[in-house]
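No value in this document is a laboratory result; all are computed from the given coordinates. Just so it is clear, the model here is predicted, and its values are computed rather than measured. Using ideal geometry, Cβ is built from the backbone for each residue, glycine included, and neighbour counts are taken over all protein chains shown.
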Protein chains: 2
Amino acid sequence: MKKEIVIGIDIGGTNTDFAFVDNKGKCYLRNNIRTDKYPDIDTFLDKLCGELKNGVTSLKKKFTVISIGIGAPNGNFYTGNIQFAPNLKWKGSIPLVKMMKERMSLPVVLTNDANAAAYGEMIYGAAKGMKDFIVITLGTGLGSGIVINGEMVYGHDGFAGELGHTTVIPNGRGCGCGKKGCLETYASATGIVRTMCEILNMRKEESLIRKKELTKLTSQDIYIAAKKGDMLALEAFEITGKYVGMKLADAVAFSSPEAIILFGGLAKAGNFILDPVKKYMEQNLLSIYKNKVKLLLSDLNNENAAILGAAAIGWKQADKK
Amino acid sequence: MKKEIVIGIDIGGTNTDFAFVDNKGKCYLRNNIRTDKYPDIDTFLDKLCGELKNGVTSLKKKFTVISIGIGAPNGNFYTGNIQFAPNLKWKGSIPLVKMMKERMSLPVVLTNDANAAAYGEMIYGAAKGMKDFIVITLGTGLGSGIVINGEMVYGHDGFAGELGHTTVIPNGRGCGCGKKGCLETYASATGIVRTMCEILNMRKEESLIRKKELTKLTSQDIYIAAKKGDMLALEAFEITGKYVGMKLADAVAFSSPEAIILFGGLAKAGNFILDPVKKYMEQNLLSIYKNKVKLLLSDLNNENAAILGAAAIGWKQADKK
């Protein structure tokens, strides 16, 4: 008998990664195309669906494809549209689910990348068996996927889970969204670089980072310096973790989750980020929550994490997991 | 044929109010006993259940009582216990549901007073037909009941919804919970009194409030002064609304609700509180949420609101609404 399989697609600003994923999380025919080479959505989807159809054909003796799950920036679960995504070239509202269904004749489900990450953790990763947890994606920005009573929180209009745009410092740093003091301006790959630059300006101590060209500084550079014991780089992680921890305490007071899982580039810094997040979260928790909420790092295979998340919503859609 | 009815009980620090409530929200045999007169929980429940049994008897020709819903400070839905409620004389963890079932031989369900308020709004009030909304109770403290996908958010352990203890001003006012800068220290009947005292200290302008003895000042006095156009009293409402609005913007980014409903003593100040809350909430919202979230005042009959909330969880428990 043929096994069932889903297609997981992770649409990013630069690359679109995809694979056929079985119910154990094993990926087949993993591949990618350049998103930014296709300013026109139709041309992009023609190319993508061409690749996918080739895959369906080459797997058809062993597998039946039952659905397609897509994670994309600003992907809206309810409408099936990508809506005004700042990092994508396709402007306005793109009816992605409708367009994919027309091409592939399969059930298609879309959500944003952070919600996809949360599904990935629930089906394949650190949140297996949990009904109440939050995934925080620490990448270029800060995203969040919130699961309550075993269900993703989409909210009234599909836009829930924007913890990156809650306020951590009233009238603080300017944010791309137009507000000030948003958590994501401090707690993200770009946020920690801003913090590092501020520290270097304010302080006189030596630092490995001082040898770098500041306009090209990345969070990876700060991580490497921290690993070598650089005090100012460690301070940048401490400050970043402090702001994440403060806001996670707010999130706990909201939904009292079993666990909070850190996911994405900055989470790969491991204990450099985890330790200060835990310290400041616990400091800001009401006593009834103290020492109860598990703070975990993503348990997904890094390379395939985003594809697994997208595949997980495909399985969820097909109600097979 | 006899109609079904539930018992709604609202346990407060001073009074315990109760009534028999039909599915339209009509209250029968409304009555109360003094909570604070019974330092022993057994004696309290003997008195309360005596009253309830008399009620059951006098209504039995017309009604069948099918369940009991109770709202109480720190009432935990999962455990059925009242846990360490600061305003009640019964200390430690009280197995209220178990003790009521033994006395009444009826299904009993318990939740905290803010969750009961949210159920009340959902079944009888401003949130009828809504699946995603938040109720904020502005009383002595600030409580919250959060409904997502039509279900109350209890969280992993039954303690979700403590928005009163999220941080609005880092290192701000001391809170009874031991933390600093909690929303409830600014946005509650006691919080607005603290704000009013600060304003009177800092400013030289005349105010009706200056004639009051400050140690006896209540939020009601500030409301009365505001109605008379007192500028400093109006400023106290503006500041209170500002902090509520700022944190409601965070809550919207979390769960993207259809509506937020203000409930309780301070909410009775109407537009004096509603207008600044709306202004500062909108100022702090991400553009995707702006001008979409309804900000409403409670639609429940004031006198019976808490009983209706408790009754509503009784109906929900019996799965009849």
- request: Mind pulling the angle between the C-alpha long axis of helix B:189-202 and the longest principal axis of chain B? Nearest 10 degrees, somewhere in 0 to 90.
  value: 20 degrees
- line: Rounded to the nearest 500, the 222 nm mean residue ellipticity computed for chain A from DSSP H runs (n ≥ 4, each -39500 (n - 2.57)) alone is -11500 deg cm²/dmol
query: ³J(HN,Hα) across the range A:222-232 via Karplus (A = 6.51, B = -1.76, C = 1.60, θ = phi - 60°), whole Hz, x for Gly/Pro?
result: 5, 4, 4, 5, 4, 4, 8, x, 4, 5, 6
query: Along its principal axes, what span do the Cα atoms of chain B show, with the longest given first and each in whole Å?
result: 64, 46, 35
task: Springs between alpha-carbon atoms under 10 Å, Gaussian network over chain A: tell me which of A:Lys26, A:Lys211, A:Lys101 tops the mean-square fluctuations.
output: A:Lys211
- line: Any residue on another chain or 5+ positions along whose placed amide H is under 5 Å from the amide H of A:Asn149 is listed here as none
- request: Kindly provide the pair-distance distribution of the protein assembly as shown built from C-alpha pairs, with 10 Å bins from 0 and whole-percent values in order of increasing distance.
  value: 3, 15, 23, 23, 18, 11, 5, 1, 0
Listed pairs B:Lys128/B:Lys316; B:Lys179/B:Lys216; B:Lys3/B:Lys60; A:Lys89/A:Lys216 exceeding 20 Å between Cα atoms: B:Lys179/B:Lys216; A:Lys89/A:Lys216
- prompt: Quick one: helix A:305-317 against the long Cα principal axis of chain A, what's the angle to the nearest 10°, folded into 0 to 90?
  reply: 50 degrees
- request: Would you pull out the residues with amide H under 5 Å of B:Ser93's amide H, same chain only if 5 or more places away, H placed 1.01 Å from N?
  value: B:Phe84
query: So what is the relative contact order of the range B:130-299, in percent, for Cα pairs below 8 Å that sit 6 or more residues apart?
result: 24 percent
- request: Please find, in a Gaussian network model of chain A (springs between Cα atoms separated by less than 10 Å), the residue of A:Gly309, A:Gly120, A:Gly229 whose mean-square fluctuation is greatest.
  value: A:Gly229
statement: With the label set 7 Å along Cα→Cβ, B:Asp46 is separated from its counterparts in the other copies, in nm and shortest first, by 8.6
query: What list of ³J(HN,Hα) couplings, whole Hz, do you get for the range B:270-283 from phi and the Karplus terms 6.51, -1.76, 1.60, once you set θ to phi - 60° and write x for glycine and proline?
result: x, 5, 4, 9, 4, 4, x, 4, 5, 4, 7, 5, 4, 4
- line: the range B:63-89 and the range A:137-165 have their Cα centres apart by a whole-number Å value of 31 Å
- line: Among beta bridges assigned by DSSP with both residues in the protein assembly as shown, the antiparallel ones amount in percent, to the nearest 5, to 55 percent
message: Straight-line reach from A:Lys211: which lysines fall under 21 Å, measuring Cα to Cα and dropping same-chain residues less than 8 apart?
response: A:Lys227, A:Lys228
query: Mind checking the dipole of the range B:130-299: about its Cα centre, +1 per Lys or Arg Cβ, -1 per Asp or Glu Cβ, Debye to the nearest 20?
result: 460 debye
- prompt: Once label points are set 7 Å from the Cα along Cα→Cβ at both A:Lys228 and B:Asp22, what is their separation, rounded to one decimal in nm?
  reply: 8.0 nm
Cα gyration tensor shape of the range B:48-153, rounded if a/c is under 1.5, else prolate or oblate by comparing a/b with b/c: oblate
- line: In debye to the nearest 20, the charge dipole size for chain B, taken about the Cα centre with +1 at each Lys and Arg Cβ and -1 at each Asp and Glu Cβ, equals 580 debye
- line: Total charge of the residues flanking A:Tyr223 in space, meaning their Cβ is under 11 Å from its Cβ, with Lys and Arg +1 and Asp and Glu -1, is +1
task: Show which lysines lie in cross-link reach of B:Lys278 when reach means a straight Cα distance below 16 angstrom and same-chain residues fewer than eight apart are skipped.
output: B:Lys242, B:Lys247, B:Lys268, B:Lys290, B:Lys292, B:Lys294
statement: So, over other residues within a Cβ distance under 11 Å of B:Gly245, counting Lys, Arg +1 and Asp, Glu -1, the net charge is 0
query: At B:Lys180, label 7 Å along Cα→Cβ: distances to the other copies, nm, ascending?
result: 2.2
- line: Expressed in angstrom and rounded, the centroid-to-centroid distance over alpha carbons for the range A:260-303 and the range B:175-219 is 37 Å
task: Give me the angle, in degrees from 0 to 90, between the Cα long axis of helix A:113-124 and the longest principal axis of the Cα atoms of chain A, rounded to the nearest 10.
output: 80 degrees
task: Could you run the Karplus curve 6.51 cos²θ - 1.76 cosθ + 1.60 with θ = phi - 60° over the range B:151-160 and give me ³J(HN,Hα) per residue in whole Hz, x for Gly and Pro?
output: 10, 5, 8, 9, x, 4, 10, x, 10, 5
message: Check which residues have an amide H placed less than 5 Å from A:Leu296's amide H, if you skip close sequence neighbours.
response: A:Ile260, A:Ile261, A:Leu262
- prompt: A:Glu205 label points, 7 Å along Cα→Cβ, one per copy: pairwise distances from this copy to the rest in nm, shortest first?
  reply: 4.7
query: Tally Lys and Arg at +1 and Asp and Glu at -1 over the other residues with C-beta under 12 Å from the C-beta of A:Arg30: what net charge comes out?
result: -3
task: Sticking to Cα atoms, compute the Rg of the range B:130-299 to one decimal and its Dmax as the biggest Cα-Cα distance, whole number, in Å.
output: 16.0, 51
field: chain A: most fluctuating residue of A:Glu151, A:Glu213, A:Glu184 per GNM, C-alpha cutoff 10 Å
entry: A:Glu213
query: Treating the beta-carbon of each Lys and Arg as +1 and of each Asp and Glu as -1, no other charges, what is the dipole magnitude of the protein assembly as shown about its Cα centre, to the nearest 20 debye?
result: 660 debye
task: Among B:Ile313, B:Tyr280, B:Ser255, flag the residue with its Cα farthest along the positive direction of the charge dipole of the protein assembly as shown, charges on Cβ as +1 for Lys/Arg and -1 for Asp/Glu.
output: B:Ile313
